[in-house]
1. Where residues in the stretch 57-86 are within 24 Å of Phe127 (Cβ to Cβ) and of a type in the set (D, E, K, R), which of them is surrounded by the fewest Cβ atoms within 10 Å (Cβ to Cβ)?
2. Suppose the filter is more than 19 Å from the chain's Cα centre (by Cα), surrounded by 18 or more Cβ atoms within 10 Å (Cβ to Cβ) and not basic (Lys, Arg); does Ala131 pass it?
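Nothing in this text is a laboratory measurement; each read-out follows from the coordinates by a stated rule. Remember, predicted model here, so these are calculated numbers, not experimental data. Glycine gets a Cβ as well: all are built from the backbone with ideal geometry, and neighbour counts include every protein chain shown.
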Amino acid sequence: MAPAPARAQLAASAAIVSDDRFRGLSLSDGRPALSLDLAYDHPSGLYGGLSATATDTRCDGLRMLGYAAYVGYARRLDSRFTADVGVVERQIALYHEQRYAFDYAEAYAGLLTDHFSGHIHYSPRYFGQDAGVFYADLDGVLRLSRPWRLFAHAGVLTPVSGPGGYGARNERYDFKVGAAFAFDRLELQLSWTTALPQTGYFVQAGYPGYGASRSAVVLSASAFF
């Protein structure tokens, strides 16, 4: 009997996080946030998705922090490696200054394995500025006895063009380590994250928050549908 053809998959998830962090820095200014994600995977290797994030403010109630829409293509090269390319469009609003919303596109390419993934990203107008920026990241996961796993992330952001601080080639680094516990369709994560150096243009300009610490312990709970 011939094997059944692979089917397209549609998945959704919702998460509550104690601090919404993007590349080590807080989008929610250290406040809890709610995110909703929708993802589609086609047997051909094409995939796409949409995510939206909001936070609860003291005075204005629930407020959108932004969204990300992405489309990509993943192709298995051999039994170990998978190539991955795609583009993502992001809109990010500063927590304190909602009138400042940054809308920009970013392309990426990388390799995936069972335990590691690495990507290089490029945006010609990072955070809506006239600044070309490369971002490289490496992620790893160690699966322990079910339902535990450990994970780690390291990234470096390098401005390559643009005026002022963007063009000064001041690298920014971010790191994260943590553990996850999964059961049924739920997952809990506890992680520590930081961004270095803790001074300079990307921090002083409110990228992306003003008062939040540059290092944080983050707790999240996710549900998958």
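1. The qualifying residue surrounded by the fewest Cβ atoms within 10 Å (Cβ to Cβ) is Asp60.
2. Taking the combined requirement at face value, the residue satisfies it.
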